[in-house]
Amino acid sequence: MRVVRDEKQLITEYLEAKGEAKTAFGDDTVFLEKFIENPKHIEVQILGDKHGNIVHLYERDCSVQRRFQKVVEIAPAVTLSQGTKDKLYKYALRLARAVEYSHAGTVEFLVDADENIYFIEVNPRIQVEHTVTEEVTGIDLVRSQILIAMGYPLEHPTIFIRSQEDVEIHGYAIQCRITTEDPFNDFKPDYGMLIAYRSASGMGIRPRRAGSAFPGAKISPFSIVCW
């Protein structure tokens, strides 16, 4: 991603972005979009069955990022007005119903300083940050998705979400990602051998994934993030 604030920068930044995309993904397609200054990155978790029933599981705030990559996720968001949250839920459900969405998914938005809302995308899958939603709602998203795939409706006793009112929030949850970066080189992504590593543990702590992180593990340039 490149932010262009001066017309003179446009061609240079455009060509650099194309080259980087081609190298990383084999596709140098470039999109030009409006830049939202210091936005909040908010995503709404949705869950739908094969019988037309869809609910939201509230929101996650993924605004703490480095180079547009999420580092910290919080559920629910603590700095948004309830009115804006209600709009986000409404938009997410409206979109999901329009396409008859089923299973778990995430509708992502940007929210600016005046709490104007901008749609980003839909991730039609389980995301790594789904665990904070599970913690505050008590709903096992992975298990629910498997049961939905088996044909169970949300209201079935095995899932037991009879209506939106059955989805409640209790407390707050925070997920932190450990990233391999070089603090002496502007925190650029780094790779190599891990000298020391110890997973978080204790009451209220839920490790997400650390199978590739242990002393002596070699982190390749193609796998530089662990959760």
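Only one of Phe31, Phe119 is at negative phi and assigned by TED's automatic domain parsing to the domain that holds Glu16. Can you tell me which?
Values: Phe119 fails: assigned by TED's automatic domain parsing to the domain that holds Glu16.
Every option except Phe31 fails the conditions.
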Looking at the range 44-61, I want the residues that are free of Cβ contacts under 8 Å to residues at least 40 places away in the same chain and have a partner that is hydroxyl-bearing (Ser, Thr, Tyr) with Cβ atoms under 7 Å, at least 6 apart or on another chain. Which pairs are those? none
In the set Tyr101, Tyr118, Tyr91, which member is touching a Leu at 6+ places or on another chain (Cβ under 9 Å) and under 26 Å from Leu32 (Cα atoms)? Tyr118
Out of all the residues in the range 1-58, which are in contact with an Asp or Glu (Cβ under 9 Å, 6 or more places away or on another chain) and assigned to a helix (DSSP H, G or I)? Ala17, Lys18, Gly19, Glu20, Ala21, Lys22
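Out of Arg162, Arg143, I need the residue that is without any contact (Cβ under 8 Å) to a residue 12 or more places away in the chain and out of contact with any Ser or Thr (no Cβ under 9 Å at 6 or more places or on another chain). Which one? Quick ask: steps written out before the conclusion?
Values: Arg143 fails: out of contact with any Ser or Thr (no Cβ under 9 Å at 6 or more places or on another chain).
When all the criteria are applied, what remains is Arg162.
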Here are the criteria: (1) surrounded by 13 or more Cβ atoms within 10 Å (Cβ to Cβ); (2) among the aliphatic types (A, V, I, L, M); (3) assigned by TED's automatic domain parsing to the domain that holds Ile74. Tell me which single one Met150 does not satisfy. (1)
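The values are calculated or read from the model by the stated rules, or taken from the named source; none is laboratory data. Quick caveat, the model's predicted, so the values are computed rather than measured. In this analysis, Cβ positions are derived from the backbone assuming ideal geometry, glycine residues included, and neighbour counts consider all displayed protein chains.
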